[in-house]
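Working notes for the structure below.
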Amino acid sequence: MKSFLLSIILMLSPLLAGANKEVFVLADTTCIFEEASYSSSQLAELEYGDQLTLLEEEITNGFYHVEFVENEMAIQGYVPADIVGEKPDEQDVIIGYNASLLQDAEVLSLTDDKPICTLKKGTRVFLYEGYDKSLDTLSIKFYHEGKVLLGKVSTDAVKPDGVNPGLIVAIMAIVAIVTIIIILFGITKKKRHKKLKTEN
């Protein structure tokens, strides 16, 4: 009997490893929802750095099932999975930037579109999901008042690092001009060759 129970525990231990794991809110603000849906009731407001306990490791409809203790009262519900995570020291530091703001830009919450702050033109940010010009907004990681926060800004306000688009246009124009010159030179050369053959 003991060996049977031991076997059950060993089988379940990998499944329970993710449960009761401590995670932290990495966005400026968010909420605990009653169900795994943004349209469900909001049970509590959360702020950056709030500690949560994972009740299930699996993601349900983009949400984690968690527990949050507020004023010694445990609240169980769901939070968006993309704004919580482990919080080792390096998560509070932006190791490198890959974009700048072309203009003053309002940063919105990833979860409910509420304004977080306004960043000045030229502010360096990290596009942690990459750059896609077809999107209306881009997810960014940035410093604000001594904290590393997550949010989103208008795509039009962001200039990714890399080759200047104006330089690309200039290079393409030069290539086009060189191509035209080569073609014209070839045509002139052919005409001259024909003329020499006729004279001979």
Report, by residue number, each residue of the stretch 55-74 that is touching a strand residue (DSSP E or B) at 6+ places or on another chain (Cβ under 7 Å) and farther than 19 Å from Thr111 by Cα. Leu55, Glu56, Glu70, Ala74
Let me confirm something: among Gly130, Gly96, Gly151, Gly146, which residue is within 30 Å of Lys21 (Cβ to Cβ), at pLDDT 90 or above and not hydrophobic (A, V, I, L, M, F, W, C)? Gly151
Within the stretch 23-44, restricting to residues that are assigned to a loop (DSSP other than H, G, I, E, B) and crowded, with 16+ Cβ neighbours inside 10 Å, the one that is modelled with the lowest pLDDT is Asp28
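The values are calculated or read from the model by the stated rules, or taken from the named source; none is laboratory data. Note that the structure is predicted; figures quoted are calculated from it, not measured. In this analysis, Cβ positions are derived from the backbone assuming ideal geometry, glycine residues included, and neighbour counts consider all displayed protein chains.
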